[in-house]
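Input: a single structure, listed below in structure tokens.
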Amino acid sequence: MARGEDEAMHLARSKGEWPADAPIVLIDSCVWHHSFSRNVLRHLALAMAIRIRWSRSIEAEWIASVQRARPEIPRSRLLMVRDRFRSEFPDGLVPEALPRAGVPRLPDPNDEHVLRAAMHAGATIICTVDRRGFPAEILGPLGITAVPPHAVLSDCIAKQHARGAAALHAHRAGLDRPSLSAREYVDALKKSSLIENAALERQVLRILARRGESARERTD
């Protein structure tokens, strides 16, 4: 992504000038837990393909989850990640004072704060790896769908190809410890369950190859 284009999108985000076709996506804490998936979604939002939302309860859940699983990671580092998201997406944090009235019951009452946040944010998507916790028969009448991260990525590439492609290029370019070849990057997406079928794998490889061809053309 060109620097001028990146600055223009930053300005548009700061003003809340999002494309009309960028869906509002509430990110569940189980998705925040995994840094690779979290950063792919972050880049989709930076490219203005999606408008991400979360709450303080979700922040607290994913930070606690990472600390249990990876106690060697300093809490200060996780708070820096939290604060970066708050800074990059000033409208992303959903107010915590959400009414319980009118919110349908979920199989696990501990998930209901996620649904409340999604409803308050006007989200049409809850991105989660726990779709059984958000049954379609409950979310459907609310106009909300629970989908895994790979479905969000696939949908962005299918419906907002330029922005989705820009997000993947920007994410891959930022991976320098170590840097990844196109094949290695796709394998990392697969390992993180962000690519679930061969068709999407081929499409992502074509996206990465086209950027490589463009770079060679500029140096010829």
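The values are calculated or read from the model by the stated rules, or taken from the named source; none is laboratory data. Just so it is clear, the model here is predicted, and its values are computed rather than measured. Neighbour counts are summed over all protein chains in view; Cβ atoms, including those assigned to glycine, are modelled from backbone coordinates with ideal geometry.
Of all residues in region 75-94, none satisfies being hydroxyl-bearing (S, T, Y) and in contact (Cβ under 8 Å) with a residue 24 or more places away in the chain.
Considering region 87-122, the residues that are more than 22 Å from E137 (Cα to Cα), of a type outside the set (S, T, N, Q) and modelled with pLDDT of 90 or more include one that is surrounded by the most Cβ atoms within 10 Å (Cβ to Cβ), namely V94.
Applying the set (1) out of contact with any Phe, Trp or Tyr (no Cβ under 8 Å at 6 or more places or on another chain); (2) crowded, with 17+ Cβ neighbours inside 10 Å; (3) within 17 Å of V31 (Cα to Cα); (4) in contact (Cβ under 8 Å) with a residue 24 or more places away in the chain to L139 leaves exactly one unmet item: (3).
Check off (1) crowded, with 17+ Cβ neighbours inside 10 Å; (2) of a type outside the set (F, W, Y); (3) free of Cβ contacts under 8 Å to residues at least 24 places away in the same chain for G164 and give me the number that stays unchecked. Every condition holds for G164 apart from (3). Can you say whether I138 is in a helix (DSSP H, G or I) and in contact with a Gly (Cβ under 7 Å, 6 or more places away or on another chain), as far as the supplied structure shows? When the stated conditions are applied, I138 does not pass them. Reported count of residues in region 100-146, each being aliphatic (A, V, I, L, M) and within 15 Å of the chain's Cα centre (by Cα), is 6. Residues in region 141-157 that are outside any loop (DSSP other than H, G, I, E, B) and either under 24 Å from V204 (Cβ atoms) or among the hydroxyl-bearing types (S, T, Y) (or both): T145, A146, V147, P149, H150, A151, V152, L153, S154, D155, C156, I157. The set of residues in region 145-161 being buried (at least 21 other Cβ atoms within 10 Å of the Cβ) and closer than 18 Å to P107 by Cβ consists of A146 alone.
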